[in-house]
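Worksheet: one structure, shown below.
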Amino acid sequence: MGAIDAFSKTITMMTSHRNLILLIMVFTLILAPISTYLIGNAPELSLNQTQTAQKQGNVIFEEHGSTFPDKDIGALKSYLPRLLLYALLVSLLMAAVQYAVIKGAHMATRGEEYSLRNLLSEGFRHLLQVFAVNLIFGIIAGLIILLPLMLIIIPVVAGALSGTGEVLLFGIFLILMVEFFVALFIMGLLSMTVPLYVVKGNIGAAFEAFGLAFRNIPSTLGFGALLIVGVLVISMIMAPFSMMAALISPGWLGMLISALLEAPFQALIYALLWIGGLEFYLELEKKKEEVDLLLDEFRF
């Protein structure tokens, strides 16, 4: 129930405080032309097939391979710095907005008035801290998600030793199922890290998300699933607009129009993830307080 209650409160907060979504949309619109300029023209890589043959006696040895043309490698080298620059710019800028939106939503849950200007000013003051939290937990999440995939070597070896493909397929299926639930859990866990920092005011508090998530595994899995479904629904609605822009005006102008049309939907996705994480954290804290109160009543 905690996941459903938190998700419903997230939707209510988003509809009743649309100015927070508007704040995000301003920055997604600002980033739209920047993304088109920096990463719009991604290089298309092609492969050169190579084949060599060598005859030794009556035996012919053939070597097959493929290489990237020098011009494609040069284009990729010039593109990667732009991609990294854009990723860093987005991460830093949206870290400030993330703090501002979560802070505003938290004040709204307590019935306090807020100013978008003050929220944004406070967000830029905490920009580096939010960036650090996102980076640290992004790395941790990546390692956790990679761990089950590394175990795929076990069914591969077992299948090779037994000589049966069924063992291999069953092992891979089992690991992918584990990976699915791990991804849901990580989604729910990560949503709480920045809200914990915003509410408690120190980076160390973000690590409390692990305790909350592991004490409430079913709720964390459920909320992670709800967030993923929400993101997918918004993305599905956004996709036709992007395709339409590309068809009407191919090239740089089409990419710019597509980026501008995507901006409001991206703002909704950010709002869902950020406000959702706050509401989920508050819901779990409320549940924890109720349990502690109940335990106190039974103490003698």
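Test of understanding: among Thr12, Thr28, which residue is open to solvent by less than 20 Å² (accessible area, probe 1.4 Å) and at pLDDT 85 or above?
Working: Thr12 fails: open to solvent by less than 20 Å² (accessible area, probe 1.4 Å).
When all the criteria are applied, what remains is Thr28.
List pairs: first in the stretch 192-219 and under 14 Å from Asn134 (Cβ atoms) and of a type in the set (Lys, Arg), second assigned to a helix (DSSP H, G or I) and modelled with pLDDT of 90 or more, Cβ under 6 Å, 6+ apart or cross-chain? Close Cβ pairs satisfying both conditions: none exist.
Being part of a helix (DSSP H, G or I), among the small types (Gly, Ala, Ser) and open to solvent by less than 30 Å² (accessible area, probe 1.4 Å) holds for only one residue in Ser235, Ser258, and it is Ser258.
For beta carbons closer than 6 Å, sequence separation of 6+ or different chains, a first residue in the stretch 232-254 that is more than 16 Å from Ala32 (Cβ to Cβ) and without any contact (Cβ under 8 Å) to a residue 40 or more places away in the chain and a second that is open to solvent by less than 50 Å² (accessible area, probe 1.4 Å) and in a helix (DSSP H, G or I), the qualifying pairs are Ile234/Phe265; Ile234/Ile269.
The values are calculated or read from the model by the stated rules, or taken from the named source; none is laboratory data. What you are looking at is a predicted structure, and each value in this text was computed from that prediction instead of being measured. Reconstructed Cβ throughout: ideal geometry from the backbone, glycine too, with neighbour counts over all protein chains shown. With ligands, DNA and RNA removed, areas are computed over all heavy atoms of the protein, side chains included. Shrake-Rupley method; radii C 1.70, N 1.55, O 1.52, S 1.80 Å.
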